[in-house]
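Undergrad: Quick one: the structure is below, questions incoming.
The values are calculated or read from the model by the stated rules, or taken from the named source; none is laboratory data. This structure is a prediction, so every number in the text was calculated from the model and none was measured. Glycine also receives a Cβ, built like all others from the backbone with ideal geometry; neighbour counts cover every protein chain displayed. All accessible areas refer to the heavy atoms of the entire protein, side chains included, with ligands and DNA or RNA removed. Shrake-Rupley method; radii C 1.70, N 1.55, O 1.52, S 1.80 Å.
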Amino acid sequence: MHSQLNYTKEELETKFANNFAIPNFHLLAEIYFQEQDFERARKVCEIGLQNNKNHLDAQYILAKIELLDGHAIKSERILKTIYNTHPDHIQSVKLLIEVRDFLKRSLIETKKLVDIILSNYPDDIFAHQWLSNHYKQFNDIQSNDANIEIFKINPNLQSITFYEVLKTQKHYNQALNMLDDLKNTKKINASFYKKETRSIKKLIKQ
């Protein structure tokens, strides 16, 4: 039984068969998707979207199906359509980020999507992990083009713990920037700042 509206799959199948324009057709598609019956899930989405082309949840399910079927570009196209009309549909934004990474799209442009997530959800684990995973690549870009502005960290993410992560992962320039930010926002004391600044600068010179 579906937890949201307490409809069984059979009830949703009957409702959909009697009226393709029912607004909750995506629930049936989601059930099929969870059962890995992707062909039926696709068919429900495609038929339902003919009657309600702006249905976000159905578009999102269809984008997942396209991706699983090996059609990453089609998935990206659907997700971009969702983003252009509803950038607050966070699930779609996250999947769009993953698809862009798979297709090796511009990291600079992808980071703008990550920033949107962080602007709404400063503690989002997915966005935080994406930043951590891509520091080295952004540092490489930065070394090749000094005019590119890299990683203005959301103030809500600035912490000693994040600084230690950067230091451990040998992102020394970013760690040094983080120290300056922590000092300016008075999240660390002067002695810690001086000690760690000396340590980081030595590591950079090695």
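Undergrad: Could you size up the charge dipole of the chain around its Cα centre, putting +1 on the beta carbon of Lys and Arg and -1 on that of Asp and Glu, and report it in debye to the nearest 20?
TA: Dipole of the chain, to the nearest 20 debye: 1320 debye.
Undergrad: Less than 19 Å apart at the alpha-carbon level, and either on another chain or at least 8 residues along: which aspartates and glutamates does that give for Lys112?
TA: Glu76, Asp88, Glu98, Asp101, Asp123, Asp124, Asp140, Asp145, Glu149
Undergrad: Then there is this: Rounded to two decimals, what is the ratio between the C-alpha radius of gyration of segment 1-80 and 2.2 N^0.38 Å?
TA: The reported ratio for this selection is 1.04.
Undergrad: Have a look at Phe126, Ile82, Ile108 and report the one farthest towards the positive end of the charge dipole of segment 81-134, computed about the Cα centre with Cβ charges (Lys/Arg +1, Asp/Glu -1).
TA: Ile108
Undergrad: Roughly how many Å² is the accessible area per residue of the chain, as a whole number, for a 1.4 Å probe?
TA: Accessible surface, normalised per residue, equals 60 Å².
Undergrad: If you average over every viewing direction, what projected area does the convex hull of the Cα atoms of the chain give, in nm²?
TA: That works out to 14.4 nm².
Undergrad: A further question on this structure: Could you work out what % of the accessible surface of the chain is carbon and sulfur, using a 1.4 angstrom probe and leaving DNA, RNA and ligands out of the count?
TA: 49 percent
Undergrad: Out of every Cα pair in segment 58-100, what percent are spaced more than 13 Å from each other? Intermediate results must be reported in sequence, preceding the final value.
TA: On the way: 356 of 903 pairs.
Roughly 39 percent, once rounded to a whole number.
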